[in-house]
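Take a look at the structure below.
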Amino acid sequence: MKKQIVALLFGVCMSTVLYAQESVRVEAESLTEKSEKVTISKRKTGETAIGGFDKEQWIKLENVDFGPGKSQVKVRAASGAHSKKAGIEIRLGSKDGEVIGKVKVPVEGWGTFKEIDAALSKEVSEKSDIYIISQSGGVILDWVEFIK
């Protein structure tokens, strides 16, 4: 009985710690749906990333649990777009859902990944499906992180 109580308390403590995380990182390749041209590929470095992420291409990250309010987003991405412009939008709930974030990706080459921060337009706390939509240029996306 004592071991069961200790195990239960440990589980409650771990759940509280995980829920109170300062950030929630989601690997882009954990997508649940994608537009036709989006590809999942293994990089020479061994990392897996999303490619073929050209204008209006999208991915869906299902049931992201934001935990306590997140007001910032950070992505790890690269671009070598000919247009010299690359960017993504983050939408809640659907491809046509509310835009909660926009991130401009530096165009420095397909192998030059950068971590880019941006503010969310509103604090997000609930579980939600997230759609990431390429707005311009080509983007290789490694992960997206939502931060308090």
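The values are calculated or read from the model by the stated rules, or taken from the named source; none is laboratory data. Keep in mind it's a predicted model, so treat the numbers as computed, not measured. Neighbour counts run over all protein chains shown; Cβ positions are idealised from the backbone, glycine included.
Brief remarks follow.
- When segment 93-136 is filtered for residues that are in contact with a strand residue (DSSP E or B) (Cβ under 7 Å, 6 or more places away or on another chain), acidic (Asp, Glu), farther than 13 Å from ALA77 by Cβ and without any contact (Cβ under 8 Å) to a residue 60 or more places away in the chain, the ones remaining, listed by number, are GLU98, GLU123.
- Out of VAL99, VAL26, sole residue that is of a type outside the set (Ser, Thr, Tyr), modelled with pLDDT of 95 or more and in contact with a Leu (Cβ under 9 Å, 6 or more places away or on another chain): VAL99
- Of all positions in segment 38-48, at least one carries a residue that is of a type in the set (Val, Ile, Thr), surrounded by fewer than 19 Cβ atoms within 10 Å (Cβ to Cβ) and in contact (Cβ under 8 Å) with a residue 12 or more places away in the chain.
- Taking segment 76-92 as the range and being within 15 Å of GLN135 (Cα to Cα) and touching a strand residue (DSSP E or B) at 6+ places or on another chain (Cβ under 7 Å) as the test, the residues that pass are ALA77, ALA78, SER79, GLY80, SER83, LYS85, ALA86, GLY87, ILE88, GLU89, ILE90, ARG91.
- Taking segment 120-148 as the range and being of a type in the set (S, T, N, Q) and in a loop (DSSP other than H, G, I, E, B) as the test, only SER125 passes.
- SER41 satisfies every condition listed in (1) assigned to a strand (DSSP E or B); (2) polar (S, T, N, Q); (3) modelled with pLDDT under 50 except (3).
- Filter pass, ASP117 being under 24 Å from GLU36 (Cα atoms), in a strand (DSSP E or B) and not hydrophobic (A, V, I, L, M, F, W, C): no
- Subset of segment 49-70 (residues that are touching a strand residue (DSSP E or B) at 6+ places or on another chain (Cβ under 7 Å) and surrounded by fewer than 16 Cβ atoms within 10 Å (Cβ to Cβ)): GLU56, GLU62, ASN63, ASP65, GLY69
- Failed condition for VAL73, given (1) within 21 Å of LYS148 (Cβ to Cβ); (2) surrounded by fewer than 15 Cβ atoms within 10 Å (Cβ to Cβ): (2)
- Selection count where residues are on the phi > 0 side of the Ramachandran plot and surrounded by 21 or more Cβ atoms within 10 Å (Cβ to Cβ), scope segment 104-148: 1
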